[in-house]
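Notes for the one structure printed next.
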Protein chains: 2
Amino acid sequence: MKLNENYRSLSRSYLFSEVEKRVGAFREMHPNQELIRLGIGDVTLPLAAPIVAALHDAVEEMKEKQTFRGYAPEHGYPFLRAAVRSHLEGYGAVLQEDEIFISSGAKDDLAGILSLFGAGNTVLIQDPVYPVYADTNILAGNRIVWMRAEPENDFLPMPPKDGGADLIYLCSPNNPTGRAYSRAQLEQWVQYAAACDAVLIFDAAYEAFIGQHGIPHSIYEIPGAQTCAIEIASFSKTAGFTGLRCGYTVVPRGLCRCGQNLNAMWERRKAVSTNGVAYVIQRAAQAVYTPPGWKAVQDAVSYYKKNAAVIASALQSAGIPCCGGVNSPYIWMKCPNGMTSWQFFDHLLQTAGVVGTPGSGFGSAGEGCFRLTGFGDAEKTRQAAVRLVQAAAL
Amino acid sequence: MKLNENYRSLSRSYLFSEVEKRVGAFREMHPNQELIRLGIGDVTLPLAAPIVAALHDAVEEMKEKQTFRGYAPEHGYPFLRAAVRSHLEGYGAVLQEDEIFISSGAKDDLAGILSLFGAGNTVLIQDPVYPVYADTNILAGNRIVWMRAEPENDFLPMPPKDGGADLIYLCSPNNPTGRAYSRAQLEQWVQYAAACDAVLIFDAAYEAFIGQHGIPHSIYEIPGAQTCAIEIASFSKTAGFTGLRCGYTVVPRGLCRCGQNLNAMWERRKAVSTNGVAYVIQRAAQAVYTPPGWKAVQDAVSYYKKNAAVIASALQSAGIPCCGGVNSPYIWMKCPNGMTSWQFFDHLLQTAGVVGTPGSGFGSAGEGCFRLTGFGDAEKTRQAAVRLVQAAAL
């Protein structure tokens, strides 16, 4: 019996449980003080009316023998693959329906995609970043090379001088820094990936938050990406689907490595390892792309972005270095007075009753930084921004 | 760049596409002849009313900010883990809630579970059987040892004389043979797995179809199973969830191998690779275990089993060897007159307008056999049973 010994190399992330522990202790000491949470990574607005209506309609179909749907196509219903294709085409990313695979969310496919690759690959990953890229690669037995995102590179690391990368993860707009790569920067990344025969894994989970021109929503807006990139996307943040579980992954037909076609491999992988996504959920996702659906989800995104702007503007007025909040729900700030991430967490909690997320939880380059998010309530976010600036000045 | 070269060893299954191709050709030649499908592996009755009501209620909760649910616990909502625990306890299988992990269906976890194990394990698999066990193990780089299910062993292979197995897959009641292991037989399997330090992977997808006493619904009815077995189960066939995607996997806390606790590893695996199952789907699954929900799903199971009994009884009256259909929706018959599986498929289609599934599609030991199912319409199944016996006599 052989076990996967890589599980032993996985360090347990105590980030959010430690946050909850400290918040619980504070509440016990100060039962009457109202806390404001600016650390939330989950959406808080309910599902939009057109999405709710689509869910109810689909549930009704499941009630009648004539309209009941059993096993779904493993790769997604054609109606949803077509809707995603058309959405991406709106950005200038022209793909075929059979290059788009409906998923139960980005996280599932971030783990599943590594089934295509052997163990022992060299993987470039941003630091700080969503911890799932590292954890899944540790389990797969790969070697991680970290790329520090810091003020010196504007939090947007560019390709290293040497080659040797097999896989490259880019999250843009980034969680947690909120920074997004420009078209020119992504062109450099695509050229680099092509030059060293690497595969670029582009996490587009926050694309709906992009407001500025010149920031690609999809990696396939970049010429050459169809032969070197996989895109992993999600309805979670775009449309508030964190509790519904739906996303999509693009593996172009032109993506070949080691004499194999990765689109055909992924098609096979999905057929072997899933029976698709629930019909009712796929109908809900389709409703996102209808005119009333798209308007409603854009309204929610605007609400979160306004919150992020309120926080960013308060920090900037106070002269506290920060980034993000423009094309992203996240604000990444430097902890004041040389505090570590956890020192500032405690300071902010104790003096202001505001909860954020220590940056060191997203990687060692995040030490001394702090993540705030726009996913809270608008009025409370305004109050918290005032308290935050006061606490930072203490 | 290293790819997973095991994809090259995967043989593409053309079973159901070949079935559709031949059915299509027949329809073109005989546009007016009504076909009856007895090859369906999917449920056909709609969702039961209590499940539909639970879905609508949960969708309504997602509409309001106060009751909206975002990210679900990765391992399942406590309300559903508790309901499954209680269901299993009713069979005498006593487990803790944190040993039960809610999944998006059995197929997802059959692929995921192999993440716990290294490559190069020796795996015992029944032949014929659900092809996913073999495909996932080929991709993981394991060595498969087939156990032939044939009349000589009553289609229920028992442990081999020699040890050396690392993983053992048992599907009981079996797809496609419909045969189920007795308590005494499963005791032998548990003893064998314990003796050679193997892990037994028990697929209980069809447990709801068991009607006879002495046939375990869960492997944990067998003493000792909690230290050697993983159980993978699904609401697909129990409650018609093939289009909703929900199941559960049990990894007991007492299951340790190579100095590691598999429950802790699986908990970690789920946290790294999924954000759980949709809230609305988990509420639907919970409704299965309410008194009206359970009555409704039992009624559907009875409907399918009556269909299976009609087919089995017609074959038996005609003296055609067959098994299954008692604790299962499947009937496994010997093709008459020495025909191969595909020869009988064509013969049955051409002479009777009845569609079944060639047994050879489930493994080489299935050659010369044929699978029929009770998932069709009752009246049509009765007509098909008559035609089937007539065709077999030709």
Inter-label distance, nm, simple model (7 Å from Cα along the C-beta direction), B:Phe79/A:Asn6
3.7
20 Å cut-off, amide nitrogen to a point 7 angstrom out along B:Glu150 Cα→Cβ, residues in region B:301-334
B:321-324, B:332-334
Dipole of region A:9-49, positive end: most advanced residue of A:Leu38, A:Gly24, A:Leu10 [Cβ charges, Cα centre]
A:Leu10
Options A:Gly319, A:Ser86, A:Leu394, ranked by Cα towards positive dipole end of chain A, top entry (Cβ charges)
A:Leu394
Across the residues of B:105-115, average count of Cβ atoms on other protein chains within 10 Å?
4
To the nearest 10 degrees, the tilt of helix A:262-273 (Cα long axis) against the first principal axis of the alpha carbons of chain A is 80
Using square roots of five times the C-alpha gyration tensor eigenvalues, list the equivalent-ellipsoid semi-axes of the protein assembly as shown in whole Å, biggest first.
48, 27, 27
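Please state the charge dipole magnitude for chain B, taken about the Cα centre, from unit charges on C-beta atoms (+1 on K and R, -1 on D and E), reported in debye and rounded to the nearest 20.
Approximately 400 debye in magnitude.
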Taking the Cβ of A:Lys270 as the centre, find all other residues whose Cβ is under 10 Å away and add up their charges (Lys, Arg: +1; Asp, Glu: -1).
-1
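Based on the inverse mean of 1/r over its pairs of different Cα atoms, what is the Kirkwood hydrodynamic radius of region A:134-283, in Å?
16.7 Å is the Kirkwood radius here.
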Highest GNM mean-square fluctuation among B:Arg257, B:Arg371, B:Arg37, for chain B with Cα springs under 10 Å, belongs to B:Arg257
Given springs between every Cα pair under 10 Å in a Gaussian network model of chain B, which of B:Pro252, B:Pro160, B:Pro176 has the largest fluctuation?
B:Pro160
If one compares the long axis through the Cα atoms of helix B:291-317 with the longest principal axis of the Cα atoms of chain B, the angle in degrees, nearest 10, works out at 30
Considering only DSSP beta bridges with both partners in chain B, what is the antiparallel share in %, to the nearest 5?
50
Can you list, shortest first in nanometers, how far A:Asp98 lies from the same residue in the other copies, with each label 7 Å from Cα toward Cβ?
4.8
With bins 5 Å wide starting at 0, give me the P(r) of region B:276-394 over every alpha carbon pair, in whole percents.
2, 12, 19, 20, 15, 9, 8, 7, 6, 2, 0
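Order the following by accessible area, largest value first: A:Lys161, B:Lys305, B:Lys2. Probe radius 1.4 Å; ligands, DNA and RNA are ignored.
Output order, biggest surface exposure first: A:Lys161, B:Lys2, B:Lys305.
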Determine, from the Cβ-Cβ distance of A:Glu28 and B:Thr227 and an R0 of 35 Å, the FRET efficiency 1/(1 + (r/R0)^6), rounded to the nearest 0.05.
0.30
With the label set 7 Å along Cα→Cβ, A:Gln188 is separated from its counterparts in the other copies, in nm and shortest first, by 6.8
Suppose every K and R has +1 on its Cβ and every D and E has -1 on its Cβ; what is the size of the dipole of the protein assembly as shown about the Cα centre, in Debye to the nearest 20?
300
May I ask for the accessible area buried between chains B and A, both sides summed, probe 1.4 Å, to the nearest 100 Å²?
6600
Roughly how many nanometres apart are two label points built 7 Å out from the Cα toward the Cβ at B:Asp197 and B:Leu35?
5.2
Between B:Glu379 and A:Asp346, what is the label-point separation in nm under the 7 Å Cα-to-beta-carbon projection?
7.6
Between B:Ala264 and B:Ser86, what FRET efficiency comes out of the Förster formula 1/(1 + (r/R0)^6) with R0 = 22 Å and r the beta carbon distance, rounded to 0.05?
0.40
Between the helical axis of A:183-195 and the dominant principal axis of chain A, each derived from Cα atoms, what acute angle in degrees is found, rounded to the nearest 10?
50
Using modelled amide H (1.01 Å from N, peptide plane; none on Pro or chain starts), what sits under 5 Å from the amide H of B:Ala229, excluding residues fewer than 5 places away?
B:Leu200
Beta bridge orientation in the protein assembly as shown: antiparallel %, DSSP, nearest 5
50
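Taking the Cα centre as origin and putting +1 on Lys and Arg beta-carbons and -1 on Asp and Glu beta-carbons, what dipole magnitude results for region A:158-308, to the nearest 20 debye?
Values: 14 positive and 10 negative charges, 88 e Å.
Value, rounded to 20: 420 debye.
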Per residue of A:272-285, other chain Cβ atoms within 10 Å number on average 6
Which value, in Å², gives the accessible area per residue of the protein assembly as shown when a 1.4 Å probe is used on the protein heavy atoms?
35
Which distances, in nm and shortest first, link the A:Cys258 label point to the same label point in every other copy, taking 7 Å along Cα→Cβ?
2.0
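The values are calculated or read from the model by the stated rules, or taken from the named source; none is laboratory data. Just so it is clear, the model here is predicted, and its values are computed rather than measured. Please note: Cβ atoms are built from the backbone with ideal geometry, for glycine as well, and neighbour counts cover all protein chains shown. With ligands, DNA and RNA removed, areas are computed over all heavy atoms of the protein, side chains included. Shrake-Rupley method; radii C 1.70, N 1.55, O 1.52, S 1.80 Å.
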